[in-house]
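Since every read-out is calculated from the coordinates, none of them should be taken as a lab result. Keep in mind it's a predicted model, so treat the numbers as computed, not measured. With ideal geometry, Cβ positions are generated from the backbone for all residues, glycine too; neighbour counts draw on all protein chains shown.
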Amino acid sequence: MKSHLQRGASAALSSFVTAALTIELADELVDGATGAAWPYLQADLHLNYTQIGLLLGLPAVFANIVEPALGLLADAGYRRQIVLGGGVAFALALGLTAMAGNFWGLLISLLLFYPASGAFVSLTQATWMDAEPARQEQNMARWTLAGSIGNVVGPLLVGAAVAFGAGWRAVFGVLAVLSLIALLLIWRVPGSAQEMHAPRTSLMETLRHAFQSLRRPPVIDSLLLLETSNFMLDLFRAFLALYLVDAAHTTLAQAALALALLTGVGLLGDTLIIPLLEKISGVAFVKWSAALVTLFFVAFLLLPGLGWKMVCVALIGLFTSGWHAVLQARLYQLLPDRGGTVMALSSITGMLGAAVPPLLGVLADRYGVQNALWLLALGPLTLVWRLPAMTFRR
């Protein structure tokens, strides 16, 4: 009887992991497609850099206000309801993006999409990490690999849609349908599989634990390092195509190729990092690769010619592989069985990160995108400074 129950629990967890990886794939398909679509959005909706910065920053600020409550409610026993509701809002937001006709329409869709992604995607990740605490670093690497596949395919979808005359709107319409499929998969997973590792505590107790965690220096340090690591991850990817078109004077097709190269090499790196993390310390890898990425990024900004810039883009994509997986797992390890609290605290510090895109947009409008992007070098430099020195071998 016990063996039968164990097999049932294992099957439920396996179904949940499949659904979770599908959700992450869908989310990063959106992210990859959006990064490649920005030049088309800029042209079709007549956006300036300040507006682009606001579109990247304001929804993130709004999500960071909403998500702490969602995370704490999840740890208080409402995880499944929040994930499913987030999935519905996720699909609706993509449909609104496909229909956006101006800055305000796009802003409304993104204001819905960002917190929906937190509820649908981030809480699904948190549930998986709570379910297998002994393999958080490795499972985060698997999660990141699924996302990297989406980031590679997303720009290709935009390129194919534009080439065949369908345009960027069709891409977001298709992604809305795909997100509904991901929602169906997670809905079919038994509720017990999604909540078997969620703590059963009152909302007040969950809130008290969150405030206590915020007073722990290692937790604060881990939260801030996650935000600064994003400088060379999502932020670099978001501004890459715009930088190449406006500062390096490439064509839209060449900019899309660079974005595909960044994500393609990143996919290779995310594939290689999974077995590598079985043998080496993830923290040591991130610390030393951050030093190399700083050099590659400086070379990217200074070296003339598209060829050299492409080489630097490829090296950045390769050596940033594993950053998010390792740093996120490090935070989960500090707060075991509190995945919702991890999401809540990440959203609070995420408000600092959300201020960066609008700042970059304003600086790019005033001083040029070439000069504005120097701010991103602070990301890897902070990782080198703050991560502890560790030996490579586990």
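What to note about this one:
- Helix runs (DSSP H) in the chain reaching 24 Å along axis by Cα, Kyte-Doolittle at least -0.5: 2-44, 49-73, 79-99, 136-163, 167-188, 252-276, 282-302
- Separation of segment 32-55 and segment 70-121, taken as the distance between their Cα centroids, equals 20 angstrom.
- Theoretical FRET efficiency, 1/(1+(r/R0)^6), r = Cβ-Cβ of MET204 and LEU84, R0 41 Å, to 0.05: 0.95
- Legend: calculated FRET efficiency, ALA355 to THR271, from the Cβ-Cβ distance at R0 = 35 Å, rounded to 0.05, equals 0.55.
- Taken over segment 51-175, the alpha-carbon convex hull comes to 111 cubic angstrom per residue.
- Highest average packing first - 294-307, 323-336, Cβ atoms within 10 Å: 323-336, 294-307
- Dipole of the chain, positive end: most advanced residue of ALA26, MET140, PHE90 [Cβ charges, Cα centre]: MET140
- Each of ALA182, GLY307, GLY77 was placed along the dipole of the chain (beta-carbon charges, centred on the mean Cα), and the one lying farthest toward the positive end is GLY77.
- The computed semi-axes √(5λ) of the Cα gyration tensor in Å for the structure shown corresponds, within [x] 32, 25, 20; [y] 28, 26, 21; [z] 40, 26, 21, to [x].
- Dipole magnitude for segment 2-386: computed about the Cα centre from +1 point charges on Lys and Arg Cβ and -1 point charges on Asp and Glu Cβ, it is near 560 debye.
- Length gained on full extension, VAL311 to ALA299: 3.3 nm, using 0.36 nm per residue less the C-alpha separation.
- Reciprocal mean inverse distance between Cα atoms of segment 167-321 - Kirkwood radius, Å: 19.2
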